[in-house]
Each structure stands twice: as structure tokens, then as C-alpha cells.
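Novice: Dropping a structure here in C-alpha cells format, bear with me for questions.
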């Protein structure tokens, strides 16, 4: 374990691109050859279906048989393990809940790397620790294949409509090959830099998103208590320097905007639990890089508290409700 | 003192509009009659000049003779006290540094209210405690005159170019009269509601602004340390849910945008001291209204710390620099 | 109002001791002459009774007739207003809930200062803004009397048993006179310095108390989740550098200690609402003196949140319960 | 890697005591047989010397030859690797700077576990992630040996004088054997529970210590600015509910106490960098166990900021100086 973890650490500062130029030689680049898909959950399911719609034969796997069954009914071939996926497809997309799951799916006893073909392109769309992405890239490179991290922004709705944004890290020469597949599932595919930078961009965006959302909730709540009409206050903020995505596109105050979770009892959207997970990743990265993040850190704590106070399954804009409750309740 | 302060408190919950409809009767509404201006500092000076440019004769006062001299050279009449201003003008604008100054200028021994004419319109553009605005409105009303709060957003540059935004609180019937004058000095004049809501809107906006700015600085700094290019990260944030005014219009990272203080060594712009003052007002209002503001409160502390670490006179976006310093420095 | 408030502000930096040496001349120092008491609430009631027990005739007032009635039954004379108290007693103790109440009781239309005798000793045991204490001292001095601030630590139990701690600010020459009365109600009477320093000491102590309590709750909770036995962890902390009053005398974890609110469902003790009020005073003072207090500020927000989540009436050690709740609840 | 890391995670919830009862059979329990020592830095050096003083022959290793040389001169035998230590001693103490170093020393290619004898007792006094301690215990158990975590409190001075406190986690039956050695180096050896609880106790104590220290610095600073004498304020806090180790034993204000770093320009003591490291471990554990730690988290950020502002090498009580700096500096 020591050697591997130690490498994992040093990988933070090393490059994985040395052998990558050889990797592309033997991969089948012809479109419409089978694509592998591992992780068929709330997000993976609609993403996989969009690949099918675009005519790609799918070889898929999930640990839950029901999740496999539904995709099988749509036309995908189901196999027994990640390594079996790697045996049948040289382009594979993974969509997993955590760093540990990703490590297991790639490097476990039945993992992708056990049977990966030389020149394969492995794209991980999970949101995980960028340091883990870098380590997986190194292990993949040893097998003569290519690993890219490509986490998404946009929720289940965007996954269904094919409007996700992919933030992609990895060898730049492989970006076009990745984009061919990712653009079937997303409207924006952005190249961010070397391996791990896709995760970094996702994490930084979501940390700022959380800060902006809590800040918007605080400012709206304070303004309302000082006598301002919420719609008017939102309008003023949005034409001023307080403007942010949480105030002008996803306002957390019920009744200010239509079609957002705050006007639907905070159902749907991006759950507090998921935001808390991403803020935990941000804090891990901040600690590793010795970066002070006072507001990011406190935002993590606020969402952590909300998780323990019944808000875990509500949209993360419910922080307005969390802060608002009256003393007499 | 007790009686007055007590009233100040109860004013938080009362309305000042009862007699206001009688107030307008006897005010000279003809344009281009003299306008009073009290407070000729960095902001007041260019604001007063813009009124002169629009053809309004000015009767002005400031405690600093030099400040008076410069406006006198531009054509204003200088008088000896706020009460003398009130004697010669029935529309008066005040631009003062703090709640205590505003209290003194309005209700002090030589204050405006000592000689205010019935029906006068008093517009306070200072950024002060909304509870003080409400109390001043009550005292003004007793004299048969009208008080409105109209704090500004936009700095010295906007004051010079006449592009300020005014957030106006007070009796709605008087808004047009106020707007006639304010639109000489600002591009946006927004009616916010009853007296004090102009201050409330200003305070809430600036609290959210501070939160967004610190959050942007944290996210950009973390991303850079994780290997992202700053310009690329800003671009990604600005097309995603992390987008805010501080990321897309006033980015705190040197080199990301041109024409902002971060690209000019954090000179100019909105000083850390001023932001700290506004965050102090926000915290006072939050405590009075029992509103939880975890991020607003911590932002206040961050800017307070910056003031004591040599950042007092720098633009408030210098929080990026404050957080960024390396361990080896 | 301006003049008074302005003075209030400047009083922060001035001395009130100039004329104090004349004040003592005409006060009746003979023991057992009547003592005034204003404010007969949860704390004032047992404090007044202890003065009675020590043989002091009492002249008392409270705005609530029932509060008066009970003390009357114990032998006190009830009068109609604070000014009536001042007419009949030249040593007066006040115990009031807020700065505004204190201002009203002292300087209001029927306030103590309306009929205070020259040389009277006025001792305010309320916990209020130190700046207000200083202003009240100045107003008192103008009437030829002496004002001291003497807030208490210790709750209702200590008030009943006469074991309060008094932190006294004011002219040092008067301290013995104050101590004669205060030692009937408290076990410790500490001289802190000029007027306002009693409040300052109280506020600083309670801010540190809140920080230590929340910190203890966090550390105990984290340790328990990491597998430590709570009693063992408390023992380890208490023999190490984590030791504090909240860990060794008032441990917030149910079952660790007997005879503390945590072992009585957080009933009794020092209510979350009261702690929140004191933290608000600390923040006001920190803002006025430009003192960074990151943990004090966040502690204020934590207790503010607790007030809105049903913990207002529980002992402040219930922060352990607040932080502990499980995700599944 | 996956398998190992995955186990590392599950180890959080499993027990390592199953086979431990067999482990003791073949270890030489006779006193004064050689003891191994790995990690001869600022802390390890005096600890190793104390074992020598108590008559234990030492077999030692450190990656820095100079560190080895000094111990060799005192009578220890120096070998070439951790595995060589394990070959020659069946009781080994390790004192290493980080989790990664510990992983390498135990499980690396030349690690202790490569040549560990059955029944050996391995005691790790490093301060590391409790989850890593648990994983190392599992790996050790596979080799038929016993692992205990025994982090210390007390700095270099306590290491020299043999007055450290050891917090010990591991199989209870082995505690006496561990205590025999640890009591040569420390005055207190406390059994905390199963493997990892020594680390947990250390981490919780230091998190509370940091919170108490920053809180004391804030309270002292605020009190001083409100006019209190620092020594008097410390005295008041220490007889009241604000009392804590940082106020009564290690006061951060210069001149209040003698013989503490604050009275020696914050030299010596427990460095800010080390406190920051421990707070990072606390945050990692809090995130893994989903424990809200708002003050612990903010304390981490405060010390992180101090590291980047020139306080890295100063004692952690220098937070008083950090918060105190005047606006005009």
C-alpha cells in the first residue's frame, strides 16, 4: 500500500503524458464501435441512453441488477464486471458515486485495468478527488491506455436532455476522441488541462456555487426582515454587484422565480447531500494544497449541519428555509 | 436620551407615512430653484458638480473649508452650517460618512431640522444604519418635511460620470420629486419601499458582494493551486453555476481581466475599509432582526483582519492577494 | 438626539472620574438605611431577597405588578416608578434585561436621574453595552451622583444562594461602598477598572465561554464518532491542554457528569437566548473597537441558529445536542 | 491499490482484535532486550535517549544520516532500514511526521512488516489519520504481530524530561507491555480503547486546544481594547466560566504569565505549522464521520492563514499577535 499511496501523492506533481502519444495507435477510432458504460444510476442511466440514441452499441455494467435490466431493455449488452466491459470495448465511460468506487472499478480484482486493451480510452465522469484521478491515470498509462477525468455539471434533467457540461482533464491530443462521445450527452465539453483539472474545475465551481447560494439566502432573508419585497430585492441584486447565478437563475426564495426548486418545495434539483460531498472534496483539496478557504470551509459546515437537520434530500437552495425558520417554531 | 433612543427602536416597526401626504403642499417644485448639498467629500464633490452641470443653483456646506472652496469655485454658494442650507433650499441632499455624522447634520444644534422649511424634501445618500434612517424620517416628519434614504452603489468613477445607482426608500408619492434630482447624478434610480429600505437594499447587496468576492478569490486560488489556468477557470465559472459579478465583471485575479483593480495592483475601486464598514452595518441589522448570517458574519471578520494587515486602502478584491500569499514569504 | 448620541460615542474615550471625588460627600453611608432595587425578574427577585435577609430595608419597583407583589410580601416597600425609588433611597441597584431598558430606567421621563439625590450610589447589574454604561455614568455624574456597572456571572441558582460573581466598573474610591451591598448577593466582587469595564469583563468571559462550550461539544462529538467513550474522553481532555470550564465543570454530553443541565435534558442553567444576547453585545463591542473575533462571531451565529431551531429555552450546553443529531432523524 | 484502500475504509468499522490473543506467545518479554526506534527527529531523538537511559539497548533508523549519527554516539546500534530494525528487535517504536511516512515505514519495500517477527509489538507514536492507524494494525495483524497507536501530547521539552503524555489505542491485553516502554518516556500513559482511539483522543484534544487558544486571544484582545488590564482580565477569566488551559496555563498575551512562549516572543512551544497539521487531521476525520465542527473548521482556516502570513514557525499562541496588529501598521 505504501508504494502505491506514496506514488499517488507524488503524482500530484508529475506528468502522465510521457507515453500517451503511443497510446492512440491501436484504438479503434471508427465511430459506432461498442462503447463501455459502468455505473447506471440516476445520472449514468440517462447518459447511457443518450449514447444508445446516437447509435453507439453499449456494453454496460452496474453492481445493481435492476439498473442493468433497464438498460438491457433499451438495447445494451450487459456483462458481469468492469473487466468484462474492458474486454469488449476500447472506449469506456464510468459514472460512479465516490473516489473509493472509482478506485475499485478501475484497479480492483475485477477492475477495468485487469483486461483493458492497449490504446483504450477510459473517461471517468464521476466527481472524485483530483489526486485519485491522477493516480488512476498513472495506473492506466502503465497498461498502455489513456485515462481522462470528465466530471459533469447539470443534474438529472440535463443528463436526460443531453445538456450536461463536461469539464475534461487529460492529454490534449485525446480531447477530440473524448469529445466525440461526450457531446452525445452534453451541450458543453470544455478542455481544462492535464489529468485532474476537470475535477479541479468542478470542485472549484461547486464550492463557489455553495458560497453564492448561502450568501444569497442570507442576503434575501436579511432584506426581507428589513422590510424589502423579495422580488424587488432580487431585481435590485441582479442589476447590481450582488448578482450571481443563485440570485438570478436559481433564486432560493419561494415565489421569486418560477420553475426552480424553491418554488416546488425544494424538490428536485441538486440535493444537499451531493453538495456536501462536493464541498468535502473541495476541503480535502484545500488541505492538501494548503489553500485557505474560510467561506468554502464554513459552507461545508452549514451543509453538513443541514444534512443532520432533515435537509439531506432537499435541493441545496433550501438553505434559505434552514436559515429562515422563526424563533417561535 | 432614553426617550429618543427608545423611539428610534420602535421606529423599526412603525410607519412614517401617515402625515406625509400633507408635506408636499408648500414645497417649491419648480425646477432649477436652489438645491442644498451637505457633505462634499470624494463622493459628494462630483455629485454636487453634476447637479450644477444640470443647471441647479447649489447651496452647500462641509465641515472642511477646502472641500467648500473647490465647490465654491465651480459656482456654488457656501453657507456656514446645515441649518443655513435648510434656510435657503427646500430640496437638500446629504452625503456623509457615518450614522453619527448623519444624526449630527440633521438633528444637531446647527442641524438641518433646526431651520427646515415645511414641505422640504431631504434626501440622505449616506450609507448608514436603516434604523437611524427611520428615526431621522420621524424627526423630519415632525417638522412637516419629508425624508428619504437614497444610498448609492458605484464608486468615485460612477459619481463623476453620473452613473451611480440610487436605492431609494421613503414615501412613494415623493419618489418622482427625488428622482428628478437623483437622475442628474445616477443612471439608475430604484424605488425600494418605505423609509430605510434603500439602506436595506444597499446593505444586503454589499453583504452578498463581499461573500461573492471572497468566494471567488477562494475558488480561483484553489483552482490555480490544483493546476488550472486562471483565465480558463474564470471562463468555466462564468459559463457555469459559480458565475457571479466578482467572477465575470470584477475578477480578483491579476491578469484575468483588464480595467479592473486586480490588474492595477488593487488601486482604485472600492476600498477594503469601506466594505468593512458596510459589513458592520449588515451585522448590526442582522443582530437587531435576529437573522442568522454565517457567511456574512465571517466575511466581516475576513475584511476586518485585512484592515489590520495592510489592506485597508486597497480595493476589496485584494482578498485574493490576502489569501494567496505563500508560506515561504 | 444627535448631541446625546455623539457624546455617547465620545464617552468611549473620555474619563468620567473628574467630579467623582465630590460625589461621596452627602451620601448616607450608615448601613441599613433603605436600598433601592429596580428590576425584580428571575435574577432581581432573589437578589433583592438576599438584601432583605441581610437587614437592608428595600424600596423596590418593577413594571410588572406581580413581580412587585411577591417582593412586597417579603417586606419591601413598593413605589410607582424609578424616580420614586431615587427619592427614597440613595443607594440603588438595577437589574434589567437590555441596554434600552437601562436607558429608560435611568434617563426616561420617570427615570432615576429625574429625582436622584446628590451623592447617591447607582449600581447597574444588568448586562448591557459598555458604551451605554459609560454614557449613563456621565449623565449620573451631571446630577452629582455616582454610577457603577456591576454585571453578574452565575445564574438563578447562584442568585438564590448569594453566590454570584460581580464584575464592577467605576470610580475606585466608591468600590468599598458598592462591595458592602454586592457582597450580600455574591461570593466574589471584583473591581475591574473604570466605568464600563465590568461589562467588558462579563462580555469577554461569556464570549470565551461560548467558544469553549461549542468547541467542547464539537470535540466530544467527534471523539465519540471515532470510537472513544465519552467519560474517558472527558477525562483525557481534562488532564490535557484541551481542558476548559465547559469540559471539566459543565460537560455538555449527557451522562458524563452529574448535576449539570446536560444530565437533566438541558433544563435549567443558562439559556441559549441569553447567551445569544451576550454574544450580540460582544459583536457590537468588537465592531466598535475594530477587533477581529472570528470564533466569537461564528459562535454568535451558531447560537442564533439554535434559537431558530427550538433550542432558545434550553441550556446553552445543548449545542452538543444541536450538533449531534443524526442524519436519519 | 483498490483492494488495499477499500480495506482501509472498511477497517474503520471492523475489529482487529480477533487474532491478537495469539500474538503475544512468542515475543521476548524479558526487559532490557533490544528495542527498535524509527524516526529520530526533534521528538524521536530525546525519546530514544530516554529509553537508552532506562537501560534498553536500542536498534535505530532514520532517513537522515546525521540524525542516526547522534544517537549512535549515545550508544544505539544504527541499521540500514526499517526492515532491519524489525529483524533485530521485537518491540519497535516509530515517531514519524505524517501518515504517508508511517505507511512507507511499515508497509514499504524495506518496511517493518517485511521482516517483522511473529509476536512483535509495534507502537506508533506519530500523529496520523486514525483510519491509517487502523489499516496498519490490520496489516500488522496479518503478520502475526501487534500494532498500537500511541501519539503524544507535550512538546520537545516534555520529550527531553520524560514528561510526555501517551494516548494509547490497541488491544487492551497488550497495554501493559506498551506501558513498560512508554513510561520511560512519559509521565502519563492513558489507555483509550481499540486501535485508532489514541489518535482520536489526540486529535480531539488538539482541536479543542486550538479553539480555546484562538478564543482566549480574541477575548483578551477585545477586553484590552475595552479598557481592561490584561493581567486582571486573565485573573477574572480564570476564576470564571471562561477559564481554559490557554487562559490559565499558557496565556497568549505577552506579560500576563512568565515562562510561556508569549513572554518569549512566541519562540519555542508548539509551532503553528504543527497545529495546522493536527487541525487538518481533525477535519479529515470530521468529514469522514460526517461530524459538524464549525469552530474546529474555522480554527483550521485561521491557522492556515497564519502559516501564510509569517507565523508558521512561531508558537501557536501567536494567534494573539496575528489578531492584534493595528490598522496603521
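Novice: When the residues of segment D:182-192 are narrowed to those that are out of contact with any helix residue (DSSP H, G or I) (no Cβ under 7 Å at 6 or more places or on another chain) and crowded, with 19+ Cβ neighbours inside 10 Å, which ends up nearest to the other protein chains (Cβ to nearest Cβ)?
Specialist: So, considering only residues that are out of contact with any helix residue (DSSP H, G or I) (no Cβ under 7 Å at 6 or more places or on another chain) and crowded, with 19+ Cβ neighbours inside 10 Å, the one nearest to the other protein chains (Cβ to nearest Cβ) is D:186.
Novice: Just one of A:93, A:71 is buried (at least 18 other Cβ atoms within 10 Å of the Cβ) and either within 30 Å of residue A:207 (Cβ to Cβ) or out of contact with any strand residue (DSSP E or B) (no Cβ under 6 Å at 6 or more places or on another chain) (or both); which is it?
Specialist: Unique residue meeting the criteria: A:93.
Novice: Report those helices (runs of 4 or more DSSP H) wholly inside segment B:226-322 carrying at least 1 residues which are away from chain A (no Cβ under 13 Å), touching a helix residue (DSSP H, G or I) at 6+ places or on another chain (Cβ under 9 Å) and within 14 Å of residue B:213 (Cα to Cα).
Specialist: Ranges flagged: B:272-288.
Novice: Residue D:228 is checked against (1) touching a strand residue (DSSP E or B) at 6+ places or on another chain (Cβ under 7 Å); (2) surrounded by fewer than 24 Cβ atoms within 10 Å (Cβ to Cβ) and fails just one. What number does that condition carry?
Specialist: Single failed check for residue D:228: (2).
Novice: Mind counting the residues in segment C:193-214 that are closer than 26 Å to residue D:288 by Cα and within 7 Å of another protein chain (Cβ to nearest Cβ)?
Specialist: Of the residues in segment C:193-214, 3 are closer than 26 Å to residue D:288 by Cα and within 7 Å of another protein chain (Cβ to nearest Cβ).
Novice: Take the conditions at pLDDT below 95 and at negative phi and apply them to residue D:155. Does it pass?
Specialist: yes
Novice: In contact with a helix residue (DSSP H, G or I) (Cβ under 8 Å, 6 or more places away or on another chain) and buried (at least 24 other Cβ atoms within 10 Å of the Cβ), is that true of residue D:153?
Specialist: Taking the combined requirement at face value, the residue satisfies it.
Novice: Name, by its number, the condition in (1) surrounded by fewer than 24 Cβ atoms within 10 Å (Cβ to Cβ); (2) part of a strand (DSSP E or B) that does not hold for residue B:131.
Specialist: Of everything listed in (1) surrounded by fewer than 24 Cβ atoms within 10 Å (Cβ to Cβ); (2) part of a strand (DSSP E or B), residue B:131 misses just condition (2).
Novice: Output the residues belonging to segment C:66-110 that are in a helix (DSSP H, G or I) and closer than 20 Å to residue C:32 by Cα.
Specialist: C:71, C:72, C:73, C:84, C:85, C:86, C:87, C:88, listed by residue number.
Novice: If only one of B:122, B:113, B:222 is crowded, with 24+ Cβ neighbours inside 10 Å and not in a strand (DSSP E or B), which one is it?
Specialist: It is B:222.
Novice: Same structure again: Please go through segment A:156-170 and pick out each residue that is crowded, with 23+ Cβ neighbours inside 10 Å and either under 13 Å from the mean Cα position of the chain (by Cα) or more than 14 Å from chain B (Cβ to nearest Cβ) (or both).
Specialist: Passing the criteria: A:159, A:164, A:166, A:167, A:168, A:169.
Novice: Residue A:247: modelled with pLDDT of 95 or more, under 27 Å from residue B:301 (Cβ atoms) and not assigned by TED's automatic domain parsing to the domain that holds residue A:160, yes or no?
Specialist: Criteria met by residue A:247.
Novice: In addition: Output the residues belonging to segment C:134-150 that are surrounded by fewer than 24 Cβ atoms within 10 Å (Cβ to Cβ) and not in a helix (DSSP H, G or I).
Specialist: C:143, C:144
Novice: Please work out if residue B:217 is touching a helix residue (DSSP H, G or I) at 6+ places or on another chain (Cβ under 7 Å), under 23 Å from residue A:220 (Cα atoms), more than 7 Å from chain A (Cβ to nearest Cβ) and part of a helix (DSSP H, G or I).
Specialist: When the stated conditions are applied, residue B:217 passes them.
Novice: Among the residues that make up segment D:160-167, is at least one of them at negative phi, in contact with a helix residue (DSSP H, G or I) (Cβ under 7 Å, 6 or more places away or on another chain) and in a helix (DSSP H, G or I)?
Specialist: Checking segment D:160-167: at least one residue is at negative phi, in contact with a helix residue (DSSP H, G or I) (Cβ under 7 Å, 6 or more places away or on another chain) and in a helix (DSSP H, G or I).
Novice: So residue B:277 passes all but one of these: (1) touching a strand residue (DSSP E or B) at 6+ places or on another chain (Cβ under 9 Å); (2) surrounded by fewer than 24 Cβ atoms within 10 Å (Cβ to Cβ); (3) in contact (Cβ under 8 Å) with a residue 60 or more places away in the chain; (4) within 23 Å of residue C:291 (Cβ to Cβ). Which condition number does it fail?
Specialist: For residue B:277, the exception is condition (1).
Novice: Going by the structure shown, is residue C:175 farther than 24 Å from residue D:238 by Cβ and in the same structural domain as residue C:50 (by TED's automatic domain parsing)?
Specialist: No.
Novice: Let me confirm something: among C:59, C:63, C:85, which residue is surrounded by fewer than 24 Cβ atoms within 10 Å (Cβ to Cβ), away from chain B (no Cβ under 14 Å) and at pLDDT 95 or above?
Specialist: Just one listed residue meets the conditions, C:59.
The values are calculated or read from the model by the stated rules, or taken from the named source; none is laboratory data. Predicted, not measured: the structure shown is a model, and the values here were computed from it. Glycine gets a Cβ as well: all are built from the backbone with ideal geometry, and neighbour counts include every protein chain shown.
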